[in-house]
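Enquirer: Got a structure here, written out as structure tokens. Questions coming.
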Amino acid sequence: MAAARHNTLDFQLCAKADGDAILKGLQSVFEEQAMTETIHSWEEHGYLATYINKNGSFASLRIYPHGLVLMDVQSYNNDLKGREEIDNLLNKLEERMKELCEGSIARLKRLPALVRGGKIDKYWPTADGRLVEYDIDEVVYDEDSPYQNIKILHSKQFGNILILSGDVNLAESDLAYTQAIMGSGKEDYTDKEVLILGGGDGGILYEIVKLKPKMVTMVEIDQMVIDGCKKYMRKTCGDVLDNLKGECYQVLIEDCIPVLKRYAKEGRMFDYVINDLTAVPISTSPEEDSTWEFLRLILDLSMKVLKHDGKYFTQGNCINLTEALNLYEEQLSRLYCPVEFSKETVCVPSYMELWVFYTVWKKTEF
């Protein structure tokens with residue numbers, strides 16, 4: 001599958017840009033490529049020139065009076081020869097601009113090509129809105145379940161990465177995430193009752209089973225996540241997803257809300273509840289966002305099935321999302337019972353950002 005390639009070349013000049021001189025100076029470079037020129041000019045806003053090639057590639061040159069010069073080249077040539085032609089064009093444009101500006105370039109920036117519409121999507125936003133390009137080289141799994149789109153992509157650095165409805169969830173490199181949401185090695189799970197909400201990648205279940213718990217119950221709504229991960233994320237889940245029941249664990253393919261309500265009614269209690277369902281919402285309007293209502297419901301129900309000395313673990317979000325994290329902490333004061341909490345920040349490799357994790361427990365009453 002072919003893809004469009006978008007190359008950029010930016011110059012910040014030390015002084016105001018002489019648009020006429022730059023246009024005339026670069027004209028010969030575009031003429032060598034047999035590109036047709038069209039120029040638009042504004043008295044106060046500089047120039048926009050476009051250059052179109054017969055093969056469908058085109059370039060735009062934007063000259064701002066204050067000294068910013070932007071060059072963009074888009075092409076649909078995915079073969080090596082086509083990429084080399086574009087690189088040669090950019091090299092010539094860069095060399096010619098240096099000649100024209102005679103050392104008055106304060107900053108020059110040339111980025112790798114942005115590939116658009118390719119078979120493999122390599123670009124994913126971080127939680128705080130920055131764009132990250134992953135070294136994805138293969139689509140391992142791509143299916144739509146009744147609940148979400150499920151992708152597993154292979155990264156040279158991070159191994160296979162689970163992506164649910166466009167959100168990076170977990171990579172095979174991300175043991176740090178699993179350890180953090182389990183208490184960072186500070187908890188003794190021996191002979192304990194554990195409830196995992198979500199966790200369809202199997203990472204938490206796999207690590208806890210090693211610690212000899214009495215029983216782990218994992219509630220995951222999407223069987224297709226489990227099916228994909230047990231085949232393509234085995235470095236994360238090992239063999240625990242091969243069967244829905246083991247010596248000290250069971251996996252329920254259900255919505256966790258009815259399960260939590262049922263357990264609360266039955267009086268069933270757990271030493272640990274681990275919420276691996278969703279991150280703290282980016283929205284800062286809890287009354288208008290159903291995700292906040294969902295999280296508050298999960299928290300209340302979890303507290304009802306948590307032993308008086310038990311602990312509730314969950315992920316927060318990116319450390320830069322301070323408003324959303326503060327709002328989440330406010331929600332903790334609105335539960336049916338008083339709670340206390342602590343948090344820690346962990347570097348999760350494939351997230352490429354620092355991530356906050358919470359520990360919540362019932363407040364001791366004196």
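Enquirer: Of the residues that make up the stretch 127-136, is at least one in the same structural domain as Glu31 (by TED's automatic domain parsing) and under 25 Å from the mean Cα position of the chain (by Cα)?
Expert: no
Enquirer: Another one. What is the number of the single condition among (1) over 30 Å from Ala2 (Cα atoms); (2) crowded, with 17+ Cβ neighbours inside 10 Å that Val73 does not meet?
Expert: Against the list (1) over 30 Å from Ala2 (Cα atoms); (2) crowded, with 17+ Cβ neighbours inside 10 Å, Val73 comes up short only on (1).
Enquirer: So Tyr351 ticks every box in (1) touching a Leu at 6+ places or on another chain (Cβ under 6 Å); (2) over 18 Å from Lys186 (Cα atoms) but one. Which box is left unticked?
Expert: Failed condition: (1).
Enquirer: Can you give me the number of residues within the stretch 164-175 that are crowded, with 16+ Cβ neighbours inside 10 Å and small (Gly, Ala, Ser)?
Expert: 2
Enquirer: Right, next: So in the stretch 125-158, with the set limited to residues that are crowded, with 19+ Cβ neighbours inside 10 Å, among the hydrophobic types (A, V, I, L, M, F, W, C) and in contact with a helix residue (DSSP H, G or I) (Cβ under 7 Å, 6 or more places away or on another chain), which one is nearest to Met352 (Cα to Cα)?
Expert: Applying the filter and picking the extreme gives Phe158.
Enquirer: Also: Which of the residues belonging to the stretch 16-54 are assigned to a loop (DSSP other than H, G, I, E, B) and closer than 24 Å to Glu102 by Cβ?
Expert: Lys16, Ala17, Asp18
Enquirer: Further, regarding this structure: In the stretch 56-90, what count of residues is obtained for those that are in a loop (DSSP other than H, G, I, E, B) and touching a residue at least 24 places away in the same chain (Cβ under 8 Å)?
Expert: Of the residues in the stretch 56-90, 8 are in a loop (DSSP other than H, G, I, E, B) and touching a residue at least 24 places away in the same chain (Cβ under 8 Å).
Enquirer: Pick out the one residue from Thr236, Thr291 that is surrounded by 16 or more Cβ atoms within 10 Å (Cβ to Cβ), under 27 Å from the mean Cα position of the chain (by Cα) and among the polar types (S, T, N, Q).
Expert: Thr236
Enquirer: Select, from Lys109, Lys98, Lys119, the only residue that is basic (Lys, Arg) and in a loop (DSSP other than H, G, I, E, B).
Expert: Lys119
Enquirer: I'd like to check something: does the stretch 29-50 contain any residue that is under 30 Å from Tyr134 (Cβ atoms) and under 37 Å from the mean Cα position of the chain (by Cα)?
Expert: No, the stretch 29-50 contains no residue that is under 30 Å from Tyr134 (Cβ atoms) and under 37 Å from the mean Cα position of the chain (by Cα).
Enquirer: Still on this structure, I have one more. Just to check your reading of the model, which residue among Leu295, Leu306 is of a type in the set (A, V, I, L, M), at negative phi and in contact with a Phe, Trp or Tyr (Cβ under 7 Å, 6 or more places away or on another chain)?
Expert: Answer to the selection: Leu306.
Enquirer: Which of the residues that make up the stretch 162-201 are of a type in the set (S, T, N, Q) and out of contact with any Lys or Arg (no Cβ under 7 Å at 6 or more places or on another chain)?
Expert: Ser165, Asn169, Ser173, Thr178, Gln179, Ser184 - these are the residues of the stretch 162-201 that are of a type in the set (S, T, N, Q) and out of contact with any Lys or Arg (no Cβ under 7 Å at 6 or more places or on another chain).
Enquirer: Would you call Lys343 touching a Lys or Arg at 6+ places or on another chain (Cβ under 9 Å) and either more than 30 Å from Phe158 (Cα to Cα) or part of a strand (DSSP E or B) (or both)?
Expert: no
Enquirer: Just to check your reading of the model, which residue among Ile181, Ile226, Ile161, Ile221 is surrounded by 15 or more Cβ atoms within 10 Å (Cβ to Cβ) and without any contact (Cβ under 8 Å) to a residue 60 or more places away in the chain?
Expert: Ile226
Enquirer: Please work out if Asp79 is of a type outside the set (A, V, I, L, M) and surrounded by 13 or more Cβ atoms within 10 Å (Cβ to Cβ). Working first, answer last.
Expert: Numbers: of a type outside the set (A, V, I, L, M): yes; surrounded by 13 or more Cβ atoms within 10 Å (Cβ to Cβ): no.
Spelling it out, it is not the case that Asp79 is of a type outside the set (A, V, I, L, M) and surrounded by 13 or more Cβ atoms within 10 Å (Cβ to Cβ).
Enquirer: Further question on the same structure: If you take the residues of the stretch 1-31 that are acidic (Asp, Glu) and free of Cβ contacts under 8 Å to residues at least 60 places away in the same chain, which of them is nearest to Asp121 (Cα to Cα)? Even if it seems obvious, please write down each step before you answer.
Expert: Residues of the stretch 1-31 that are acidic (Asp, Glu), as a first pass: 10, 18, 20, 31.
Filter again for free of Cβ contacts under 8 Å to residues at least 60 places away in the same chain, leaving 18, 20, 31.
Details: Asp18: 39, Asp20: 40, Glu31: 34 Å.
Within the stretch 1-31, the match that is nearest to Asp121 (Cα to Cα) is Glu31.
Enquirer: Let me ask something additional. Would you mind stating whether Lys363 is among the basic types (Lys, Arg) and out of contact with any helix residue (DSSP H, G or I) (no Cβ under 7 Å at 6 or more places or on another chain)? Working first, answer last.
Expert: On the way: among the basic types (Lys, Arg): yes; out of contact with any helix residue (DSSP H, G or I) (no Cβ under 7 Å at 6 or more places or on another chain): yes.
In short, yes.
The values are calculated or read from the model by the stated rules, or taken from the named source; none is laboratory data. Keep in mind the model is a prediction, meaning the values are calculated, not measured. Ideal geometry is used to build each Cβ from the backbone, glycine not excepted, and the neighbour counts take in all protein chains shown.
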